[in-house]
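The values are calculated or read from the model by the stated rules, or taken from the named source; none is laboratory data. No experiment lies behind these values; they were computed from the predicted model shown. Neighbour counts run over all protein chains shown; Cβ positions are idealised from the backbone, glycine included. What goes into the accessible areas is simple: the full protein's heavy atoms, side chains included, and nothing from ligands, DNA or RNA. Shrake-Rupley method; radii C 1.70, N 1.55, O 1.52, S 1.80 Å.
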Amino acid sequence: MRDDVVSAVDKAAHYLRSLQGNDGCFEDYHLPVGAARDWVTAYAGLALAETSSTPSDINGEAARLAAHWLRTHQSYEEGWGYNDTTGPDADSTATALLLFQKLGEPVPEASLTWLSSLWRPQEGFATYPQQDAWGQGHPCVTPVVALVL
């Protein structure tokens, strides 16, 4: 990889680590339903895991801390959501599971089963198991769920 790209990745990872709480959580998108915690922690943790050279380097340790936070703050049997008030959703759950897979950690079978139930033939994977627009297959959700399954 080119030196300028390596430098940019290092700076981005450093910035991400600076936003991580001491408990491993990331928080962003302060909306009326609350701040994004589960989804953002999974997403940022996965980004750090992807930039890690070894499991014990600084990015790997930050990714493991994020994974630990997710495991100890799982509010839903099925998986994870935007936060602990919105219910589980496919993309948050799938991103958390991708982080666990990347780190070589066990993936909860219940989450895999639940994600599989969100398949909509001819559409892709739905975000939520309901009968409105969120219950239809989404092109932004389908790839991340497919990567896990």
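Leu70 - would you say it is open to solvent by 10 Å² or more (accessible area, probe 1.4 Å), in contact (Cβ under 8 Å) with a residue 12 or more places away in the chain, of a type outside the set (Phe, Trp, Tyr) and touching an Asp or Glu at 6+ places or on another chain (Cβ under 9 Å)? So Leu70 fails the test.
Every residue, every condition in (1) of a type in the set (Ser, Thr, Tyr); (2) within 13 Å of the chain's Cα centre (by Cα); (3) under 16 Å from Gly45 (Cβ atoms), yes or no:
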site: Arg71; (1), (2), (3): no, yes, yes
site: Glu77; (1), (2), (3): no, no, no
site: Trp80; (1), (2), (3): no, yes, yes
site: Asp84; (1), (2), (3): no, no, no
site: Asp89; (1), (2), (3): no, yes, no
site: Ser92; (1), (2), (3): yes, yes, yes
site: Thr95; (1), (2), (3): yes, yes, yes
site: Ser117; (1), (2), (3): yes, no, no
site: Phe125; (1), (2), (3): no, no, no
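Scanning the stretch 23-45 for residues that are open to solvent by 80 Å² or more (accessible area, probe 1.4 Å) and either polar (S, T, N, Q) or farther than 25 Å from Thr86 by Cβ (or both) yields no hits at all.
Could you pull out the residue among Leu65, Leu46 that is touching a residue at least 40 places away in the same chain (Cβ under 8 Å), within 12 Å of Ala96 (Cα to Cα) and of a type in the set (A, V, I, L, M, F, W, C)? Residue meeting the stated conditions: Leu46.
Of all residues in the stretch 17-37, those that are of a type in the set (A, V, I, L, M) and without any contact (Cβ under 8 Å) to a residue 40 or more places away in the chain total 2. For the stretch 41-81, taking the residues that are part of a loop (DSSP other than H, G, I, E, B) and acidic (Asp, Glu), the one that is farthest from Val107 (Cα to Cα) is identified as Asp57.
There is at least one residue in the stretch 46-56 that is under 12 Å from the mean Cα position of the chain (by Cα), among the small types (Gly, Ala, Ser) and open to solvent by less than 20 Å² (accessible area, probe 1.4 Å). Looking only at the stretch 1-22, residues that are open to solvent by 60 Å² or more (accessible area, probe 1.4 Å) and in a loop (DSSP other than H, G, I, E, B) come to 3 in all. The numbered conditions (1) of a type in the set (Ser, Thr, Tyr); (2) at pLDDT 95 or above; (3) closer than 18 Å to Ala13 by Cα are all true for Thr72 except (3). Among the residues of the stretch 57-67, not one is open to solvent by less than 10 Å² (accessible area, probe 1.4 Å) and among the acidic types (Asp, Glu). Checking each residue in the stretch 1-27 for being in contact with a Phe, Trp or Tyr (Cβ under 7 Å, 6 or more places away or on another chain) and either more than 14 Å from Val40 (Cα to Cα) or not aliphatic (A, V, I, L, M) (or both) picks out Gln20, Asp23, Gly24, Cys25.
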